[in-house]
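In what follows, a structure is listed as structure tokens, so that the remarks can point back to it.
The values are calculated or read from the model by the stated rules, or taken from the named source; none is laboratory data. Computed from a predicted structure; not experimentally measured. So basically every Cβ, Gly included, is an ideal-geometry build from the backbone, and we count neighbours across all protein chains shown. Surface accessibility is based on the protein's heavy atoms, side chains included, excluding ligands, DNA and RNA. Shrake-Rupley method; radii C 1.70, N 1.55, O 1.52, S 1.80 Å.
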2 protein chains.
Amino acid sequence: MSDATSIESSRSTRDQILDEALHCFAEKGYEGTSLNDIAAGVGIRRPSLLHHFPSKEALYGDVFERLLSDWLERLDAAVAMTAVGWDKAELVLRACLDLFAETPDYVRIMRREALDGGVHLGIDLSGVLRPFFDSAVEYLESQMQQGIFQVHDARHLLITGYGALLTYFSDSPFVDGLIDEDAMAAKNIYNHQEHVIGFFRSALLKS
Amino acid sequence: MSDATSIESSRSTRDQILDEALHCFAEKGYEGTSLNDIAAGVGIRRPSLLHHFPSKEALYGDVFERLLSDWLERLDAAVAMTAVGWDKAELVLRACLDLFAETPDYVRIMRREALDGGVHLGIDLSGVLRPFFDSAVEYLESQMQQGIFQVHDARHLLITGYGALLTYFSDSPFVDGLIDEDAMAAKNIYNHQEHVIGFFRSALLKS
DNA sequence: GCATCTGTCTACCTACTAGTAGGTAGTGAG
DNA sequence: CTCACTACCTACTAGTAGGTAGACAGATGC
């Protein structure tokens, strides 16, 4: 009864709510999303939704927690792989780019939360990512000292990279209008990923 | 009566409303900002605000229009200057970075609008910026063909650049937590600007 | 003096929000 | 059959949103 692909609504209502909430919060933001929107997307009424989650804030928190643990899992896996120099950086870049391409809603919520400074969360977003940031700074600086990477300010480099990586996915409606194509089409996502990788290689590797 | 720095409220109520609205919309987004918030910031009641602007949407539109014309003015001025090769690119980069540093609220609203896909505006944001985008693509491709710039996908390069430029300012609350300092302090802004310039030079110029 | 216009106010409206109360099917265990 | 539980419902609460109506004060113009 658990793994069977039953006729419909194979997944639990709770999970359906989480999925719909992820999408609504990503699309319209925390304030712009009402519990009615989410409930309607699932096909239930608001009080039924509140039977599964105690409050809007708690629902948002659960959505964000799942998002964050997915992302950290990918980052952990990429960092754990044995590679050095540019190969290591490329692994981490690709791990992020793959996740973002798979689940652009993650990127959009993350962006909104970064914009708002995390006011909707109990947790401290930058605090959670801080360990990765610090170890990345350490790694980049060691590569620069060894003359493997060109010298840049490692902290600002990471922030620039964070911005460059997220923006294509978070601002895809805007990108659509600039390139006059569907930014999230598989071909364009592939092109963007390869561009970003090549761009950072140009800026980091010598000659 | 116009240029005198009178004792207080030297600027018209209408302009005070526009300023306060800019700040509120940038800080909390369109949905997250109430007309009461804006009115209170100016020191009047909501109906008085609605005497100067017919609706919340119209007020937002006026705020955004002013923002956009300021930005386009800077871009026009930078593009009009006589420079070639990397110098030209640096001029445009610095024009944007200077504006963003002066008025970070602009960046935050722009970001929110790009995220939402322009649903709060009658105007088409990417449509307005499209001419600049297209001419920038043309410029970059000509420089690449002449062997002055390294070869990248010009369109994706611009989107990456747009993301890299905006993010530091739009996500400054998040950046604060990463670098454990005030991202918008003059020293850090200066460092970031020089980093971005250097980073793009590394990626674009050869050897 | 008096009408008019501008800017502000209080008081109100409707629509919608998050959240609660209480009731009702259906299910499974003893 | 009964009890407990889950998942849902309708109907309600209190509060807030954007927006409107109408009164009032001060200035301007004739």
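The figures follow:
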{"quantity": "Residue under evaluation A:Phe25, criteria (1) within 16 Å of DNA strand C (Cβ to nearest atom); (2) assigned to a helix (DSSP H, G or I); (3) more than 21 Å from B:Gly29 (Cβ to Cβ), criterion not met", "calculated": "(3)"}
{"quantity": "Residue list for the range A:147-160, filter: open to solvent by less than 10 Å² (accessible area, probe 1.4 Å) and more than 7 Å from every other protein chain (Cβ to nearest Cβ)", "calculated": "A:Phe149, A:Ala154"}
{"quantity": "One residue from A:Asp180, A:Asp124 being at the interface with chain B (Cβ under 7 Å from one of its Cβ atoms), in contact with a Lys or Arg (Cβ under 9 Å, 6 or more places away or on another chain) and over 16 Å from B:Arg111 (Cβ atoms)", "calculated": "A:Asp124"}
{"quantity": "Residue in the range B:55-67 that is nearest to B:Arg130 (Cα to Cα), counting only those that are surrounded by fewer than 19 Cβ atoms within 10 Å (Cβ to Cβ) and more than 9 Å from DNA strand D (Cβ to nearest atom)", "calculated": "B:Glu65"}
{"quantity": "Verdict on A:Leu59 being assigned by TED's automatic domain parsing to the domain that holds A:Gln146 and farther than 20 Å from A:Ile197 by Cα", "calculated": "no"}
{"quantity": "Qualifying residue in the range B:33-43 (condition: under 18 Å from B:Asp19 (Cβ atoms) and away from DNA strand C (no atom under 16 Å from the Cβ))", "calculated": "no"}
{"quantity": "Within the range A:14-54, tally of residues that are open to solvent by less than 40 Å² (accessible area, probe 1.4 Å) and either more than 23 Å from A:Asp171 (Cβ to Cβ) or within 8 Å of DNA strand D (Cβ to nearest atom) (or both)", "calculated": "8"}
